[in-house]
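Written below as structure tokens is the structure these notes are about.
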Amino acid sequence: MLAFNNAALEQHHDYIQWLFPLTEPSGAVPDAPVLTAEEVAAIARSSIAQIVLAGATDRMAAFYRDTDRWLRAEDHNHLRITRIIRSLRLLRGDAAAEGFKAWVTARVEATGAPVNARSRGYWATA
């Protein structure tokens, strides 16, 4: 998935749940992993898992940097961004989550994009 080009990342809709898992089921991808508390702790302790998560975060940041389609009022990528922030907070900590959130917010603001208040609210509380 990390080797997908930007068009493939945009076209496919079932990978984000695998790259950025959570402790609750995905409504969009029912067979996506659902982490237990023990798995969350193991991922947080694993230097390999942390490197993989950092790579996934960098790839998604490159996607959002290099594409503009998501910079509009409504877009499915807004949900992906919420998931990324929530997963980072859970698995990598507040600093990683806040860093990604700040970067995405700055990207939106720099382009003057009209991302809706609801999506921005989800990002703020993720």
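The numbers here are math on the coordinates, done by the rules we state, and not lab data. Just so it is clear, the structure is predicted and the values come from calculations on it, not from any experiment. Please note: Cβ atoms are built from the backbone with ideal geometry, for glycine as well, and neighbour counts cover all protein chains shown.
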Projected label distance in nm at Asp94 and Gln50, using a 7 Å step from Cα toward the beta-carbon: 1.8
Residues whose placed amide H lies under 5 Å from that of Leu22, excluding near-sequence neighbours: Leu35
Helical mean residue ellipticity (222 nm; -39500 (n - 2.57) per DSSP H run of 4+; nearest 500) of the chain: -20000 deg cm²/dmol
On Cα atoms only, tilt of 47-66 relative to the major axis of the chain in degrees: 10
Spacing of the two label points (7 Å from each Cα toward its C-beta) at Asp14 and Thr105, in nm: 3.5
Area projected by the alpha carbon convex hull of the chain, averaged over all directions, nm²: 7.3
Most to least packed among 31-43, 78-90 [average Cβ atoms within 10 Å]: 78-90, 31-43
Distance from the range 76-126 to the range 12-61 (C-alpha centre basis), Å: 16
Förster radius 30 Å - calculated FRET efficiency between Asp66 and Arg120 (Cβ-Cβ, nearest 0.05): 0.90
Theoretical FRET efficiency, 1/(1+(r/R0)^6), r = Cβ-Cβ of Glu39 and Leu79, R0 25 Å, to 0.05: 0.65
Whole-number percent relative contact order across the chain, with pairs defined as alpha carbons under 8 Å at least 6 apart: 25
